[in-house]
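> Attaching a single structure in structure tokens format; questions to follow.
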């Protein structure tokens, strides 16, 4: 891949449970972002974490970043059926301008 | 504000034909990107414009692909002649630059038969 990979590729959980998705990347980064995509639509930006940050929260979302392991995780707490979508991590390399995406994690939340 | 719009939403063409995809970014966004997703795989970077200039076109597959952004507003991506492996969803995104997030269009689903 161009940069990294999300893990797992697919995740199925019950409504109310927490969902955790992981992302690994290969190079030094300026920041890491998470996006969501509903079927047939474009990606929507969720949250950005800079390389000097370790954790960030936004509503029911919690993102962590470990630059020593070149990995990040996205936690969605108290999931809802409406959270069903594909989730992508994306990185901007140090000194770079382009944003590189992985293959995404497909999340299915059962009502 | 109006979002990023892409046209057409779907295109089905035969191998060897030409297709032109269009992207209208958010007004005022100097940065415009093209990406492609094939068969549920990674969203692959194609190229990046800053205004009318190509900042990075390292992801363009080959010389059958031509992207333009005349006047630094809308952009077109032409595939000529199209091959079967060009099928996929082509996304356009724009941003204000810096750490600003990308704003995506809904994509153009291209099917080459």
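The values are calculated or read from the model by the stated rules, or taken from the named source; none is laboratory data. Source: prediction; values computed, not measured. Note that we place each Cβ from the backbone using ideal geometry, even for glycine, and neighbour counts take in every protein chain shown.
> Please work out if residue B:49 is free of Cβ contacts under 8 Å to residues at least 40 places away in the same chain, over 23 Å from residue A:86 (Cα atoms) and within 15 Å of the chain's Cα centre (by Cα).
Considered against the rule, which asks whether it is free of Cβ contacts under 8 Å to residues at least 40 places away in the same chain, over 23 Å from residue A:86 (Cα atoms) and within 15 Å of the chain's Cα centre (by Cα), residue B:49 comes out as yes.
> Do the conditions hold for residue B:54, that is, is it surrounded by fewer than 16 Cβ atoms within 10 Å (Cβ to Cβ), in contact with a helix residue (DSSP H, G or I) (Cβ under 9 Å, 6 or more places away or on another chain) and either assigned to a loop (DSSP other than H, G, I, E, B) or more than 10 Å from chain A (Cβ to nearest Cβ) (or both)?
no
> Could you list, in sequence order, all residues of segment A:31-52 that are over 19 Å from residue B:91 (Cβ atoms), in contact with a strand residue (DSSP E or B) (Cβ under 6 Å, 6 or more places away or on another chain) and surrounded by fewer than 17 Cβ atoms within 10 Å (Cβ to Cβ)?
Of everything in segment A:31-52, those that are over 19 Å from residue B:91 (Cβ atoms), in contact with a strand residue (DSSP E or B) (Cβ under 6 Å, 6 or more places away or on another chain) and surrounded by fewer than 17 Cβ atoms within 10 Å (Cβ to Cβ) turn out to be A:50, A:51.
> Answer yes or no: is there a residue in segment A:63-85 that is within 12 Å of chain B (Cβ to nearest Cβ), within 27 Å of residue B:5 (Cα to Cα) and part of a strand (DSSP E or B).
No; the residues of segment A:63-85 include none that is within 12 Å of chain B (Cβ to nearest Cβ), within 27 Å of residue B:5 (Cα to Cα) and part of a strand (DSSP E or B).
> Would you check if there is a residue in segment A:12-27 being surrounded by fewer than 18 Cβ atoms within 10 Å (Cβ to Cβ), more than 14 Å from every other protein chain (Cβ to nearest Cβ) and closer than 30 Å to residue B:10 by Cα?
yes
> Looking only at segment B:64-74, which residues are modelled with pLDDT under 95 and either in a loop (DSSP other than H, G, I, E, B) or closer than 20 Å to residue A:33 by Cβ (or both)?
Selection gives B:73 alone.
> With loosely packed, with under 14 Cβ neighbours inside 10 Å and either over 20 Å from residue A:33 (Cβ atoms) or out of contact with any helix residue (DSSP H, G or I) (no Cβ under 8 Å at 6 or more places or on another chain) (or both) as the only criterion, which of B:61, B:25 stands out?
Just a single option satisfies the conditions, and that option is B:61.
> If we keep just the residues of segment A:28-62 that are away from chain B (no Cβ under 14 Å) and assigned to a loop (DSSP other than H, G, I, E, B), which is farthest from the chain's Cα centre (by Cα)?
By that ranking, first place goes to A:28.
> Something else now. Just give me the residues in segment A:97-111 being in a loop (DSSP other than H, G, I, E, B) and either within 7 Å of chain B (Cβ to nearest Cβ) or over 19 Å from residue A:43 (Cβ atoms) (or both), in sequence order.
Within segment A:97-111, A:97, A:98, A:102, A:103, A:111 qualify.
> Right, something else. For residues that are touching a helix residue (DSSP H, G or I) at 6+ places or on another chain (Cβ under 9 Å) and surrounded by fewer than 17 Cβ atoms within 10 Å (Cβ to Cβ), tally how many sit in segment A:65-86.
Selection size over segment A:65-86: 0.
> I've got another one for you. Hey, can you tell me all the residues within segment B:22-43 that are part of a loop (DSSP other than H, G, I, E, B) and under 13 Å from the mean Cα position of the chain (by Cα)?
Once the filter is applied, which keeps residues that are part of a loop (DSSP other than H, G, I, E, B) and under 13 Å from the mean Cα position of the chain (by Cα), segment B:22-43 yields only B:25.
> Can you go through A:45, A:57 and tell me which one is within 25 Å of residue B:40 (Cα to Cα) and free of Cβ contacts under 8 Å to residues at least 24 places away in the same chain?
A:45
Yes or no, residue by residue, for (1) over 25 Å from residue A:5 (Cβ atoms); (2) in a strand (DSSP E or B); (3) at the interface with chain A (Cβ under 10 Å from one of its Cβ atoms):
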position: B:2; (1), (2), (3): yes, no, no
position: B:6; (1), (2), (3): yes, yes, yes
position: B:16; (1), (2), (3): yes, no, no
position: B:20; (1), (2), (3): yes, yes, no
position: B:45; (1), (2), (3): no, yes, yes
position: B:76; (1), (2), (3): yes, yes, no
position: B:85; (1), (2), (3): no, no, no
position: B:93; (1), (2), (3): no, yes, yes
position: B:109; (1), (2), (3): no, yes, yes
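> Ok, one more. What tally of residues in segment A:2-21 results from selecting those that are under 13 Å from residue A:101 (Cα atoms) and either outside any strand (DSSP E or B) or without any contact (Cβ under 8 Å) to a residue 60 or more places away in the chain (or both)?
Within segment A:2-21, residues that are under 13 Å from residue A:101 (Cα atoms) and either outside any strand (DSSP E or B) or without any contact (Cβ under 8 Å) to a residue 60 or more places away in the chain (or both) number 3.
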